[in-house]
1. Could you tell me how many cubic angstrom of Cα convex hull volume the protein assembly as shown has per residue?
2. Checking the a/c ratio against 1.5 first, then a/b against b/c, what shape does the Cα gyration tensor give for region B:58-137?
3. When the helix-only estimate is applied to chain B (DSSP H runs of n ≥ 4, each -39,500 (n - 2.57), divided by the residue count), what is the mean residue ellipticity at 222 nm, nearest 500 deg cm²/dmol?
4. By the gyration tensor of its Cα atoms, with a ≥ b ≥ c the square roots of the eigenvalues, what is the shape of region A:1-59: rounded for a/c under 1.5, prolate for a/b over b/c, or oblate?
5. Trypsin sites (Lys or Arg not before Pro), restricted to region B:1-70: which are DSSP loop and have at most 12 other Cβ atoms within 10 Å?
6. Where Lys and Arg each count +1 and Asp and Glu each count -1, what net charge lies around B:Glu96 among other residues with Cβ under 10 Å from its Cβ?
7. Given region A:25-94, report the % of alpha carbon pairs whose separation exceeds 18 Å.
8. Can you compute 3J(HN,Hα) from phi for each residue in region B:51-62, using the Karplus curve 6.51 cos²θ - 1.76 cosθ + 1.60 with θ = phi - 60°, rounded to whole Hz and x for Gly and Pro?
Amino acid sequence: MNNMPFNMSVGSVEVRTTNNRGFTPEEVAERCTDKLLHVSEQAPPVIRDQAVAYKQQMTGVIASYMKQAIQSDRTTVYNAIKDAGHLKLAEYIRNM
Amino acid sequence: MCTSFKVELLKGIHNFTAASNVFKLALYTNSASFNAATTAYTSGNEVNGTNYTAKGNAITTVTPTSSSTTAFVDANDVVFSNVTINGVRGALFYNEAASGDPTVAVLDFGSDKAASAGDFTVVMPTGDASNAIIRIA
C-alpha cells in the first residue's frame, strides 16, 4: 500500500462585462457551452475539431431557444403591464 | 486557496451540499491584499458602486462529486446585474453562514475589470476534475 498525494486546487475564473446593456443570447449561450464542454488544447486534432464543431452547433441551438424564452417572457411581461393599465409601456416592451 | 479553509474542511465547518451553508462572492479593488493567509470576509477595499451590495452575491454550488481520484465542487456563474463598478481586481469566495464569514478561496481576475450600467459576470470554470472551482486530487 502506498500513501497517496493530496492536492487541493482552485479553478481559474474569467470575468465578462457589458456596458449600457445586458448580455445577448449568443454571449450567454457561448458561456453555457464553455461550462458544459471543455475542449483540451492537448486533444488529438481530429477529436478536438469534432468537439469544437459540436460545441459551436450546441451554442447555436441554445441561443435559439434562449431567444424563444426571452420572447415568451416578454409576452408574459406585456400582458402583466397591460393588465395593470399601462398599455403604452406594454406596447413599447412588445416592440423591443 | 485559503489555508484556513483546509483546516475548516477537516473540522466540518463547510458543507457544499447543505442549503444552510450560504457561499458568497464579494468583489474587491486592486488595493485589497489577499493571499493564502486570508481567513475571513472583510469590508476593507470591497468595491462600491451602483447596485452592488456589500458582501456580494450568493454562489450556487453543485453537489460535490468525483471523477477518477479527484473530488470537486462546481459552481454556477455569479452575475452582478445592472451594476456600475470600476477597478474590480478580484473576489473572495466565503461562507456567510459559518461563524466569522470564513474564506474558501481568493480569486484574482488578473487585471482590473469594470461594468457601466451593465452586467458583471464571474464565469466559473467547467465543472470537471481538471478545471472545477475547487478540486481535491
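1. Values: hull volume 38.2 nm³, N = 233.
In the protein assembly as shown, the Cα convex hull volume per residue is 164 Å³.
2. Working: a/c = 2.16, a/b = 1.69, b/c = 1.28.
It comes out prolate by the Cα gyration axes.
3. Values: 1 runs with 8 residues, N = 137.
Helix-only estimate at 222 nm: -1500 deg cm²/dmol.
4. Numbers: a/c = 3.70, a/b = 1.47, b/c = 2.51.
Verdict is oblate for region A:1-59.
5. Within region B:1-70, the qualifying trypsin sites (Lys or Arg not before Pro) (loop, at most 12 other Cβ atoms within 10 Å) are B:Lys11.
6. On the way: positive: B:Lys24, B:Lys55; negative: B:Asp101.
Result for the local shell: +1.
7. Details: 1333 of 2415 pairs.
Across region A:25-94, Cα pairs with separations above 18 Å total 55 percent.
8. Karplus values, whole Hz, x for Gly and Pro: 6, 8, 9, 3, 5, x, 10, 6, 9, 8, 9, 9.
Rule-based calculations on the coordinates, nothing more; no lab input. The structure displayed is predicted, hence computed values, not measured ones. All Cβ positions, glycine included, derive from the backbone under ideal geometry; neighbour counts span all protein chains shown.
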